[in-house]
Every structure is written in structure tokens, then in C-alpha cells.
Amino acid sequence: SEHSPLVEAKIHDVCREGELNWSNHIRTPFKHQDVGVRWILGLLDQSKHENIINGALLADDMGLGKTFMALSAVEHYYQDFIKTEETQKPTLIVAPLSLLENWKDEVDKTFNNSPFKDIVILQSDGELKRFKNGGVEIRSNANDEGEFEPRYSLNIGKEHIDRLDMPGRLVITTYQTLRDYQFSLCLIDWGVVIFDEAQNIKNPNA
């Protein structure tokens, strides 16, 4: 999309410079998508090295490829981990129920080869039961001192053979599932978290 010269300058101040490797992409990005991916990568770079960025809002109009840009940024981010031989952290996408399969399908439509080790749909009709070890986490258990502690209900951590928090995994879930299993999901060191239809978190209690 078109921006004013001042906005263009501010965007490019953040964007990652240099060549990007688009060889794993099925199609060549449009110019605004290239800028969008570079902007996201620039923010990730600042977050990793300067610890001053906590998030950003990708607010292009409908039909301009926000899903493409988000997935492409994660793929390029994973390329960085491969170059430095670091472990690829898992990625979390939170979206309305009707869009979960759309995100999964977009991976196949965007890349020649998926950048993710695997994809988990963490929802009751998906693979939620596979990783559950208890009920929902809306209550807490009191410890010996009478203080309340979170009750973890998903298999997280190396003590579990089949655990959710595997390197390079893409987890796609709903806002309701995120709420119900917030303590477990917050234990995971996510590389990137993407909120689709982010108006769902405009309520401070969310």
C-alpha cells in the first residue's frame, strides 16, 4: 500500500537491509509485501539484540497479504537460526476457530517446503487431547504456604515424551484455548507469536 514520505522513511528506518532469500517461496512477493517482511524482521532484530520491542501491529488493508507476510517473516527468521546453528523456537498463531485451517493451508500455498518441523492444531477438534494431562487451567492449587500456584494441564517440558513445546513446531490455536491453557502455553519460549483478528484481545481482562 502507499504511504506518505514521512511514514515511508520511518518504516525503512526499521526494515532489515540486504538480500532476502525467497527461494523457498512459491511466488515472488509484491513490493509492499517485501517491505512488510523486512519491517517485521527489523523489529525481531531489535527485540533480539536491543530488547526494546515487545510487539507490532501489521494493519494493511484486507487482501494485501498479511498472512503471507507473517508466515514469510517467520520463515526468514528461521533461516537466521539455521545460519547460526541455533535451535529454532516454536511459533504460536492464535486465531478465531474458523481461520485455523486457513493458516495451516496457507503454509502449503506459500512455501515449496514447509519451514516448520510440523504443525499442531491445538483445539478440541484437533490435537488438544494428545497433549492434555488434566482439565482446563481456570483454577489454581494452594501450596504448603497457602499461596496459589497455576495448575498446568498440557505436556510441556522435556520430562514428557510427547510434548507440545518442540523446536520448529507451528502451533495454531484459538483465543478460547489460549485462555483455558494460558499457564501451560506461557511456559513455552516461543520464537514468534501471531494474533490474527487481534480485536479479540482488546478487553483488558483478555
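Results, tabulated for the structure shown:
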item	result
Angle between the chain longest axis and helix 66-84 axis [Cα atoms, degrees, rounded to 10]	80
Antiparallel bridge percentage (DSSP; both residues within the range 94-206; nearest 5)	35
Viscosity 0.890 mPa s, temperature 25 °C, Stokes-Einstein D of the chain from Kirkwood C-alpha radius, µm²/s	132
Hits among lysines - C-alpha to C-alpha of Lys48 under 25 Å, sequence gap 8 or more where chains match	Lys10, Lys66, Lys83, Lys89, Lys117, Lys158
Antiparallel DSSP beta bridges within the chain, percent to nearest 5	30
Rounded percent of accessible protein surface that carbon and sulfur make up, the chain, 1.4 Å probe	50
FRET efficiency for Gln182 and Phe30, using Cβ-Cβ distance with R0 set to 41 Å, rounded to 0.05	0.65
Solvent-accessible surface ranking, highest first, for Arg179, Arg27 at 1.4 angstrom	Arg179, Arg27
Solvent accessible area, Å² - Asp125, 1.4 Å probe, full protein context	140
Within a Gaussian network of the chain (alpha carbon springs, distance under 10 Å), most fluctuating of Ser23, Ser184, Ser153	Ser23
Charge dipole (debye, nearest 20) of the chain; +1 at Cβ of Lys and Arg, -1 at Cβ of Asp and Glu	300
Order of exposure, largest accessible area first, which applies to Thr28, Thr174 with probe 1.4 Å	Thr28, Thr174
In order through the range 21-34: 3J(HN,Hα) via Karplus (6.51 cos²θ - 1.76 cosθ + 1.60), integer Hz, x for Gly, Pro	8, 9, 5, 8, 8, 5, 10, 6, x, 6, 4, 5, 6, 4
Charged-residue dipole, Cβ positions (Lys, Arg, Asp, Glu), the range 93-206 about Cα centre, Debye nearest 20	160
Average Cα contact separation per residue, the chain, under 8 Å, 6 or more apart, as relative contact order %	24
Solvent accessible area, Å² - Glu106, 1.4 Å probe, full protein context	40
Angle in degrees between helix 100-110 and the longest Cα principal axis of the chain, rounded to the nearest 10	40
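The values are calculated or read from the model by the stated rules, or taken from the named source; none is laboratory data. What you see is a predicted model, and the numbers here were worked out from it, not measured in a lab. Don't worry about glycine lacking a Cβ; one is built from the backbone with ideal geometry, like all the others, and counts go over all protein chains shown. Accessible surface is based on the protein model in full, side chains and every heavy atom, while ligands, DNA and RNA are left aside. Shrake-Rupley method; radii C 1.70, N 1.55, O 1.52, S 1.80 Å.
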